[in-house]
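The values are calculated or read from the model by the stated rules, or taken from the named source; none is laboratory data. No experiment lies behind these values; they were computed from the predicted model shown. Virtual Cβ from ideal backbone geometry, glycine too; neighbours counted across all protein chains shown.
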Amino acid sequence: MRRNLRLIHLLIKYKFSRMMAFRVSFFGAFLSDGALFLIQLLTFEAVYSQVDSIGGWSRGHMILFVGTFSMINALNMLIYFFGIVDLPGKIRRGDLDQYLTKPMNPLLRLTFENVNPGSFPLVILSVLILCYGLSVAGIRVSLGLILGYASLVLLMTLLWYDLELILRTIPFLVISADGIMRLEEQMLQFSFKVPGVLYKGIMRLLFYFILPYGIMSTVPTQFITRSLEAGSLWAAVATVLFFTWFALWFWRFGLRKYQSASS
C-alpha cells in the first residue's frame with residue numbers, strides 16, 4: 001500500500017511538471033465546464049421564475065442539484081477522467097502493453113497518471129454554487145450535515161468512476177465501443193437536467209439501479225436538504241458497492257481477453 005501511494009505521488013508530481021510547461025491548458029477544463037454549469041444554473045433560474053417548484057423541489061433545491069453535479073464532475077476531472085478516458089484507444093492500439101509490463105498496478109497507474117489540477121478552480125466554483133443554493137433554500141448547516149454530504153459526494157464520484165471504467169473496459173471484448181461512449185454522454189446530459197426525484201416506475205429502475213446516473217447528484221442533494229429517507233440512502237450505498245465490485249471484476253475479466261500488440 002505504501003509503495004502504491006509513493007508511486008501515485010510520483011505520477012502526480014510528474015503531471016504537475018508537464019502541465020507547467022503548457023500553462024494555457026491548465027485552466028482549459030475550468031473554462032469549458034465552468035461555462036457549462038453557469039449556463040445550466042441560469043437555465044434553472046429562468047424556469048423557476050415561472051414556477052414555484054418541480055417535483056417538490058424548490059429553486060434552492062435545484063441550485064444545490066446543479067452545484068452537486070458540478071462538484072462531482074470537478075472531482076472526476078481533477079482526479080481520474082483524463083487517465084482512463086483513452087483506455088479504449090490504448091486497448092485498440094496495443095498501448096496497454098506498456099502498463100502491463102510495469103511493476104505498478106496497471107489500473108492504478110491509468111487512474112492517477114493524468115490528474116488535472118486545472119480542474120481545481122471548478123471545485124471552487126462548485127462550492128460557491130452550493131453556498132448560494134444553501135442561502136436560497138434557507139438551510140442551516142452543521143458539521144454533521146457537511147461531513148455527511150461530503151461523504152456522499154465522494155461516494156458518487158466513485159460511482160461515476162465505476163461507470164466510466166465499465167464502459168471503457170467493453171473494448172476488450174468488441175472492436176468498437178463508439179456507440180457506448182455516445183450513450184454515456186447522453187445519459188450524463190439527461191441526468192444533469194432532470195433530478196432523480198422526477199423518475200417514476202421503469203425510469204426510476206433504469207436510472208437508479210441499472211444505469212445509476214440518476215442518483216449521483218440527487219442523493220447528496222436530498223441529504224443536504226434533509227429529505228433523504230434512510231432506505232434510499234442505504235440503497236444508494238449498496239448500489240455504489242455493487243458497481244465498484246463489478247467494475248473491478250469486469251476490468252480483470254477484460255484483461256484476460258486482451259490481445260496485446262506483441263501477441
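Things worth noting here:
- Considering residues of region 77-102 that are modelled with pLDDT of 85 or more, charged (D, E, K, R) and closer than 23 Å to Ile180 by Cα only, the residue nearest to the chain's Cα centre (by Cα): Asp86
- Looking across Leu128, Leu163, Leu155, one residue alone is under 30 Å from Leu233 (Cα atoms) and touching a helix residue (DSSP H, G or I) at 6+ places or on another chain (Cβ under 6 Å). It is Leu155.
- Selection from region 211-231 of residues that are closer than 23 Å to Ile166 by Cβ and either among the polar types (S, T, N, Q) or surrounded by fewer than 20 Cβ atoms within 10 Å (Cβ to Cβ) (or both): Leu211, Ser217, Thr218
- Screening Lys90 against (1) surrounded by fewer than 17 Cβ atoms within 10 Å (Cβ to Cβ); (2) free of Cβ contacts under 8 Å to residues at least 40 places away in the same chain; (3) over 20 Å from Leu188 (Cα atoms) leaves a single unmet condition, (1).
- Selected residue (criterion: farthest from Phe65 (Cα to Cα)) from residues of region 200-249 that are among the aliphatic types (A, V, I, L, M) and outside any helix (DSSP H, G or I): Leu211
- Scanning region 60-105 for residues that are aliphatic (A, V, I, L, M), part of a helix (DSSP H, G or I) and over 20 Å from Ile39 (Cα atoms) yields Leu78, Ile79, Ile84, Leu87, Ile91, Leu100.
- Among all residues of region 239-259, there is at least one that is closer than 30 Å to Arg93 by Cα and polar (S, T, N, Q).
- Once region 125-166 is narrowed to residues that are assigned to a helix (DSSP H, G or I) and of a type in the set (Ser, Thr, Tyr), the residue that is farthest from the chain's Cα centre (by Cα) is Ser135.
- Residue list for region 132-145, filter: of a type outside the set (Ser, Thr, Tyr) and exposed (fewer than 13 other Cβ atoms within 10 Å of the Cβ): Gly138, Arg140, Val141, Leu143, Gly144
- Test: residue in region 170-187 that is aromatic (Phe, Trp, Tyr) and either outside any helix (DSSP H, G or I) or surrounded by 15 or more Cβ atoms within 10 Å (Cβ to Cβ) (or both): yes
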